[in-house]
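Values quoted throughout were computed directly from the atomic coordinates according to the rules given, and no laboratory measurement underlies them. Nothing here was measured: the structure is a model prediction, and the numbers come from that model. Because the Cβ atoms are built from the backbone with ideal geometry, glycine has one as well, and the counts that use them run over all protein chains shown.
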Amino acid sequence: MKEIEKAYEAKQFEDSIYKQWEESGAFTPKVDQDKPSFTISMPPPNATGTLHLGHASMLAIQDIMIRYKRMQGYSALWLPGTDHAGIATQNRVEKNLAEEGKSRHDLGRKDFLKEVDKFVDTSRNTIKSQIRKMGSSCDWTRERFTLDEGLSKAVRTMFTKMYKDGLIYKGDRIVNWCPRCSSTLADDEVEYKEVKDKLYWLKYGPFTLATTRPETKLGDTAVAVHPDDARYKEMIGKKYMIPGVLGDFEITVVADKEVDPEFGSGAVKVTPAHSFTDFEIAKRHGIKSKSVIDEEGKMKDNCGKYAGMTTTECRKEIVKDMEKMGLMEKIEDYDHKLSICYRCKTTIEPLISKQWFVAVDKPVIEHEGKMKTIKERSIEVVRNGEIEIIPERFNKTYFNWMENLHDWCISRQIWYGHQIPVWYCSDCDEEIVAEDAPSKCTKCDSKNLKQDPDTLDTWFSSGLWTFSTLGWPEETEDLKYFHPTSVLETGYDILFFWIARMIVMTTYGINQIPFEKVYLHGLIRTRDGQKMSKSKPETCIDPLDMIKQYGTDALRLSMVIGATPGNDLRLYEEKIAGYRNFVNKIWNASRFSLMNVEDEHLETEFDPKKHIVSKADKWIITKLQYLIKDTTENMEKFHFSEAGTKIYNFTWGELCDWYVELSKGEHLNPHVLVYVLKNLLKLLHPFIPFVTEVLWKNFKEDKMLIEADWPEFDKELLFNTEVEEMELLHQIISDIRSARAEHAVEPVKQVHAVIYAGKHKDFLEEKREPLMRMARIGELEIFEKGEKLDRAIALLTPHYEVYLPLHELIDPDKEKKRLEKELDNLKGFEKTLSGKLSNDGFLNSAPPEVVDKEKRRLKETQESLKKIEGELAHF
RNA sequence: GGGCGAUUAGCUCAGUUGGCUAGAGCACCUCGUUUACACCGAGGGGGUCGUAGGUUCGACUCCUACAUCGCCCACCA
C-alpha cells in the first residue's frame, strides 16, 4: 500500500528528475563497438536566444527519437550546442550600446568583441537551462559552440582546404548589401515585401522606358532590348547620348533575351552596379559599370548635387528635376516586391563589392572516378537515396534550390564571427591563407601582416556542424563512431539555409554524408493559423509559462500528437491542458494500482504461465502486445503522432475504462496490473519522460526508466478468443447503460436483468460480478435461451438478448420508438450489404476475406432484424 | 510566372497500400460524490468528407479540372 498524491504536480518533480538523469550519465553514451550508434546533432539555437515554441517542438521530437533508441540499446548520442549567429548577435549588442549612445566604432573591434562575448556568455546559460526544462536528454559533456576553439579550427581548416582546391575565390561581384547591417547577405537571406510603389516612365533620348528606381539613372551605361524586338532592331549596337539631370551621358544599346518586350516599352535601362539582372547583362555584353551608391545607401561623390543623399531622398529630388526638365513622361502606381534584409527588414541595395565566394560549379570532388561539382554531388546523395528527406515531397524543393544555386558569398562585413583566415603582406601584397596565424610573410618574410577584416557567413560554420562537433579535423573516436549522424531533425524553414549547406560542406569536406535521414517538422501556429510573432505578443504562447502551468510532459504531447512531418501545427492552451489531464490520468491509474499492490507483487518477476489468470487478464495482455507492436512500428516510421495517439487510447479507453474498473471487483490481479503498467510506462517514456520516471520509482526497479529496455512484442501472449469474449462483455454493459440512460433510470437504481446468452452463458456466469457492478444490476438471471419478457426493455443482438423488466418505469411509446429507430438503422444497413452481395462484380473482384466478412455481417444484421421485428409485434 | 500543401462535426485534427452506416479531443446537452482521477465517470446530439467530372464491383482514400486559403521559389525593369 502506497501513499501517493491525488494529482500529479509536475513542478514538484521535473527539476530534480532532470538532475538525476544528468548525474547518472545516461545522457552520455560511450563509444562501444558492440552496440550500434544512433546520433542526432541538435540544431544549435542562437546563443542569445530564449526558448520559443519552435525550439520546444524540435527538442520534444528529437528527445523522443533519442530516448526510444537509447531504450532499444543503441549508443544514443544527442549532441547539443549553440550558434553564435553573427549578424543577429552583433545587432543585439549594437542595440544595447546604442542605448548608451555608443556605436561599435567607439569601442573598436577588440573591445566590442569583448562586449559581445560577455553578453553571449550570460545569455548562453539562459538558453541552455531552458533546453533542460524541456527534458532534453542530450549529452552536455559534449556540448559545443560554433565559436569555440575546436570549431574555429575546423572552420579555418575547411577554408584553407577549399581555397587550395580553388573553390574559394575573391572577386568583384554584385551582392545583396544591407546598408543598416553594413554587410553582404546571401541570396536566401533576402526577403521580399509587397509594396505600393511608383513606376516612372522616363524620356530617355530616343527611348521611353519604365523604371522603379529613377535615381539609378546616374549609373546607367546601357539600354537593353530584346533581340527580336522590331521597334529597336536598328538601334542595337549603337551608342546614344542621353540627356540627364547632370548633363548628357553615353549609353550603348544591347540585345539580350532577358528583356521582356511585353513589359513597359520593351527597353530597359541598364545599371550594372546596382541591379543583379543588369550586372549579368552588362557582363554578357562587355559593358562597363558605374557605381553611384555607397555602402551606407547614399549617393556617391560622382553624383553632383545629389551626392550624400540617401537613395530615397535622391529619388524625390531627381524626379522633381526631371519633371522640370521635361524628362518625365508619366508616373504610374505600381505594386512590386522589394528586397529587404531578413534580420532588420532594411531595403537591400545591390552593389558591386569585393567579396569572398564559394564556387559551386567547379568540379573538385572526386567520386567514383569522376570529378564532380559540389552542386552535383549534393544533388546526387539525395537523388540516390543516401540521404532520405521526410516528407519526401521536399526532395523536389531541395533539387530545385540546388540546381539554381549561384556562387555563395561567404564574407560578411561584421566583426562577430570567424574572421577570414587570410593575411595580406603590407610590403609585398602577398595573400596568405593558413589554418593558423602566420608570423611572417611566406614570400618576403615581412612581419607586416594584416588579417582580412571580414568574417565568415554564420552558415559556413554551421555547415560543418555534424562533424566539427565530433572533433574534426582530428580523427577522433567519436567522429569514427558517431558520424554520419542518423537523423537531422529541424523545421522545413531552414532546409536551404542549413541542411543544404551541411550536405554541401560535408560531402565535399570529409567525403561523407552528414546524416542518413532528414526529418522536417512544421511550424507551430496559433489557433487560427497565424504565425506567432514577437511583434504581436498576444499571439505567442510562451513554452516556459506553459511548463509552469501544465508541466513539460503535457506541453511535449501537445506538440507531438496531431503533428505530421512538414505540416504546420496549431497550438492553443486548451490543447495543452487536455494533455495535462492525460498525464494526470496515467498518474492516477498508477496510484490506484499501487494502492492495491503489496511489495511481494512488485518484487516477483512476471511469469505469464503463473500470473495470467482470468479472461480479463488475457484480454488486456493481448491488447498490450498489439500496442507494443504498433508503437514500435510507428516509431520506426517516424509516425510519432500515431504512436502517441494509440498509447493514449489504450491507456484511457482500455486500461482505465475497463481493466482498472474490472480490478475493483473480484478480478483484481496485482501481477498483471503491475506488468501492464510497467510496460506502458516504458512505451510512454519517450513522450512524457518526467511523469513516467517519477512513477517508475514506485516499482522497485534498480535502473531508472530512462535506461530501461524497450518492450518487445511477444506473440505467445496473444489470446484472441478471450479478447472476443471480453469485448462481448463490454458491449453488454454499454448496451445496458445506454438503455438505462435513454429511459432515464436513475444511476443508483439497481435493475433486474434477464440475459439469454446462448453459447456465452458460461462466460457471462463467470463475469457475473463485474457485469452486475458495472451495469448496476441488482438481480441477474442468465439462461441459454428463453421467452420474450413483457414490459421490459429489450436489447437484441445476434449473440445475446437482454431484457430489463422495469415495468412501471418503462414508457412503452419511448421503447417502441427506440426499437423502431434501431430497426430503420438495421434495414438501411441490410440494404447496403445485400446490394453488395448480389452484385456479381463485387463477388468476383473483391478479395474473398472481404466477401466473407460482408456475408457474416449480413447474417448478423438479419438475425437482429428478425428479433427486433418480433419484439415490435407486441406493441 | 513555376512548385508545394491544405480543404472531413461548432473548433483543432485522425483516417496508414481503395473494402465497417466516417473517428477522437475540446466545446455543447442530460445524468452522476459507485473502491484512482471532477485534471473524473456514464450517456447523448452533431458531418451529402471544398465543387464538378472520371477510374472501379466499391472512392474520404486514386486520376483530371475548378474554387478558396496558406507556404516556398523566380532578375520582369
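With respect to the cross-link table entries A:Lys816/A:Lys853; A:Lys11/A:Lys678; A:Lys170/A:Lys450; A:Lys128/A:Lys700; A:Lys629/A:Lys859, which display a Cα-Cα separation exceeding 21 Å?
Table pairs above 21 Å Cα-Cα are A:Lys816/A:Lys853; A:Lys11/A:Lys678; A:Lys128/A:Lys700; A:Lys629/A:Lys859.
Determine, from the Cβ-Cβ distance of A:Ala230 and A:Ser103 and an R0 of 56 Å, the FRET efficiency 1/(1 + (r/R0)^6), rounded to the nearest 0.05.
For R0 = 56 Å, the calculated efficiency reads 0.50.
Could you sort out which of A:Lys664/A:Lys788; A:Lys585/A:Lys749; A:Lys517/A:Lys623 sit more than 30 Å apart by Cα distance in this structure?
A:Lys664/A:Lys788; A:Lys517/A:Lys623
Which of the GluC sites (Glu not before Pro) found in the range A:503-601 are loop residues per DSSP with 13 or fewer other Cβ atoms within 10 Å of their Cβ?
Within the range A:503-601, the qualifying GluC sites (Glu not before Pro) (loop, at most 13 other Cβ atoms within 10 Å) are A:Glu598.
Taking other Cβ within 10 Å of each residue's Cβ, how do A:Lys440, A:Lys217 sort, fewest first?
Ranking A:Lys440, A:Lys217 by Cβ neighbours within 10 Å, fewest first, gives A:Lys440, A:Lys217.
Mind sorting A:His667, A:His483, A:His84 by how few other Cβ atoms lie within 10 Å of their own Cβ, fewest first?
Ordered by Cβ neighbours within 10 Å, fewest first: A:His667, A:His483, A:His84.
Given Cβ point charges of +1 (Lys, Arg) and -1 (Asp, Glu) and nothing else, what value in debye, to the nearest 20, does the dipole of chain A about its Cα centre take?
I would put it at about 1840 debye.
Per residue and in Å³, how big is the convex hull formed by the alpha-carbon atoms of the range A:179-325?
Roughly 126 Å³ of hull volume per residue.
So what's the net charge close to A:Asn567: Lys and Arg +1, Asp and Glu -1, counting the other residues with Cβ under 11 Å from its Cβ?
Once positives and negatives cancel, what remains is +2.
Between beta-carbons, use under 9 Å as the cut-off and find the net charge around A:Lys193, counting Lys and Arg +1, Asp and Glu -1. Before the final figure, lay out each step's value.
Details: positive: A:Lys337, A:Lys345; negative: A:Glu191, A:Glu194.
Taking every other residue near A:Lys193 into account, the sum is 0.
Please list the radius of gyration and Dmax for the range A:744-806, considering alpha-carbon atoms only, with Å as the unit.
11.3, 32
Relative to the longest principal Cα axis of chain A, at what angle does helix A:615-636 sit, 0 to 90 degrees, rounded to 10?
10
Strictly greater than 23 Å: what percent of every Cα pair in the range A:405-539 meets that?
Roughly 55 percent, rounded to a whole number.
What are the equivalent ellipsoid semi-axes of chain A, built from the alpha-carbon gyration tensor (square roots of five times its eigenvalues), in whole angstrom, biggest first?
The equivalent ellipsoid of chain A has semi-axes of 70, 36, 25 Å.
Taking the convex hull of the Cα atoms, report for the range A:9-48 its projected area averaged over all directions, in nm².
Seen from a random direction, the Cα hull of the range A:9-48 projects 5.0 nm² on average.
When the dipole is taken about the Cα centre of the range A:87-144, and only Lys, Arg (+1) and Asp, Glu (-1) are charged at their Cβ, what size is it in debye, to the nearest 20?
240
Grab the beta carbon distance between A:Lys664 and A:Glu784, set R0 = 41 Å, and tell me the FRET efficiency rounded to 0.05. Could you put the intermediate results ahead of the total?
Working: r = 29 Å, r/R0 = 0.71.
Here the calculated transfer efficiency is 0.90.
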